[in-house]
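Accompanying notes for the structure given below.
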Amino acid sequence: MRVIGVIDLLAGRAVHAVAGARDRYQPVKPIAGGPSTPGDSSALARFYIDRLGVGAIYVADLDAIQGGPPQIDLLSSLCGLGAPAYIDAGVATVDAAQRLLATGAATIIVGLETLPSFDDLGAICTAVGSDRVVFSLDLRDGRALSKRPLSDDRPERLTMRAVHERIGSVIVIDLARVGTAAGLDLDLIGRLRRVVPPQVTLIAGGGVRGWSDLERLAAAGCDAALVASALQNGALDAGDVKRARDL
């Protein structure tokens, strides 16, 4: 089980995401051993990497996801801090994917929330390589979050459509659980693990509260977890991050 540190960016600052209510997100507060200035994304990334030993960071550019231009300079800076970076910046086209990879991103996220069609997902995978693309199954209260009508919005069906486009990794994230200490939808994660081929990496996001949740995720067949609050508030420390690799 890999622990991936999460950074949500809004207007150039790292913010604390709560329940997907983006208009109310506030800058991340100073952390002992971490950022001393509210919203310092670089300091937060270094805290995750240097102090906690995470193997990768996940950066969500919320401005880009909501239709604005990506924060290229800031993303490039975060990609250069010594850990592989998963970058979510609302990618929906091959050109956008290639521009984002030019920032130094190890992997780009293509989210259901901003995806025009699964054909576009397939085109992106073909152009840049499936190993550099992750499909994000974006949910809110268990329901698919999409900019377009879906003929079948069952999470299992949507995930298998992404797998059909040769995606190698899937994130399942419920925005309603993010930053709320609400826990995980282990039933959904278990269902997805049963239908997704074993070679496809399954990553959970939203709701990790501490060590016991990591154990439950591993038991459900999850390969990695996106974590923000539990790393920032000390519920998970460097020792937990290290021993999670043996789960």
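Every read-out reported here was derived from the displayed coordinates using simple, explicitly stated rules and does not represent laboratory data. Just so it is clear, the structure is predicted and the values come from calculations on it, not from any experiment. Note that each Cβ is placed from the backbone with ideal geometry, even for glycine, and that neighbours are counted across all protein chains shown.
Return yes when residue 94 is in contact (Cβ under 8 Å) with a residue 24 or more places away in the chain, buried (at least 18 other Cβ atoms within 10 Å of the Cβ) and among the β-branched types (Val, Ile, Thr) and no when it is not. So that I can check it myself, show each step before the final result.
On the way: in contact (Cβ under 8 Å) with a residue 24 or more places away in the chain: yes; buried (at least 18 other Cβ atoms within 10 Å of the Cβ): no; among the β-branched types (Val, Ile, Thr): yes.
No.
Against the conditions (1) without any contact (Cβ under 8 Å) to a residue 12 or more places away in the chain; (2) under 28 Å from residue 116 (Cβ atoms); (3) in a loop (DSSP other than H, G, I, E, B), where does residue 157 fall short? Just the number, please.
For residue 157, the exception is condition (3).
Given the residues 152, 213, 185, 240, which is the only one that is under 19 Å from the mean Cα position of the chain (by Cα) and more than 22 Å from residue 60 (Cα to Cα)? Give the derivation first.
Details: 152 fails: under 19 Å from the mean Cα position of the chain (by Cα); 185 fails: more than 22 Å from residue 60 (Cα to Cα); 240 fails: under 19 Å from the mean Cα position of the chain (by Cα).
The conditions single out 213.
Which of the residues belonging to the range 189-231 are in a helix (DSSP H, G or I), among the polar types (S, T, N, Q) and touching a strand residue (DSSP E or B) at 6+ places or on another chain (Cβ under 8 Å)?
The first filter runs over the range 189-231 and keeps only residues in a helix (DSSP H, G or I), leaving 189-195, 211-219, 229-231.
Cutting the leftovers down to among the polar types (S, T, N, Q) gives us 212, 229.
Within the range 189-231, just 229 meets the criteria.
Could you count how many residues in the range 1-44 are free of Cβ contacts under 8 Å to residues at least 24 places away in the same chain, in contact with a Ser or Thr (Cβ under 8 Å, 6 or more places away or on another chain) and assigned to a helix (DSSP H, G or I)?
Adding up the residues that qualify gives 1.
Go through 209, 191 for me and flag whichever is closer than 22 Å to residue 136 by Cβ, of a type outside the set (Gly, Ala, Ser) and in contact with a Pro (Cβ under 8 Å, 6 or more places away or on another chain). Even if it seems obvious, please write down each step before you answer.
Values: 209 fails: in contact with a Pro (Cβ under 8 Å, 6 or more places away or on another chain).
Of the residues listed, the single one that is closer than 22 Å to residue 136 by Cβ, of a type outside the set (Gly, Ala, Ser) and in contact with a Pro (Cβ under 8 Å, 6 or more places away or on another chain) is 191.
Step by step: first the residues of the range 228-245, then only those that are out of contact with any helix residue (DSSP H, G or I) (no Cβ under 8 Å at 6 or more places or on another chain), touching a residue at least 40 places away in the same chain (Cβ under 8 Å) and over 25 Å from residue 175 (Cβ atoms), then the one that is surrounded by the fewest Cβ atoms within 10 Å (Cβ to Cβ). Which residue is that?
Applying the filter and picking the extreme gives 245.
Which residue, of 44, 52, 100, 75, is buried (at least 17 other Cβ atoms within 10 Å of the Cβ) and within 17 Å of residue 2 (Cβ to Cβ)?
Working: 44 fails: within 17 Å of residue 2 (Cβ to Cβ); 100 fails: within 17 Å of residue 2 (Cβ to Cβ); 75 fails: within 17 Å of residue 2 (Cβ to Cβ).
After ruling out the rest, the residue left standing is 52.
Can you confirm whether residue 202 is in contact with a Cys (Cβ under 6 Å, 6 or more places away or on another chain) and touching a residue at least 24 places away in the same chain (Cβ under 8 Å)? Outline the logic, then answer.
Details: in contact with a Cys (Cβ under 6 Å, 6 or more places away or on another chain): yes; touching a residue at least 24 places away in the same chain (Cβ under 8 Å): yes.
For residue 202, the condition - in contact with a Cys (Cβ under 6 Å, 6 or more places away or on another chain) and touching a residue at least 24 places away in the same chain (Cβ under 8 Å) - is met.
With respect to residue 184, determine if the residue is assigned to a loop (DSSP other than H, G, I, E, B) and not polar (S, T, N, Q). Step through it out loud before you land on a result.
Details: assigned to a loop (DSSP other than H, G, I, E, B): yes; not polar (S, T, N, Q): yes.
Yes: the conditions hold for residue 184.
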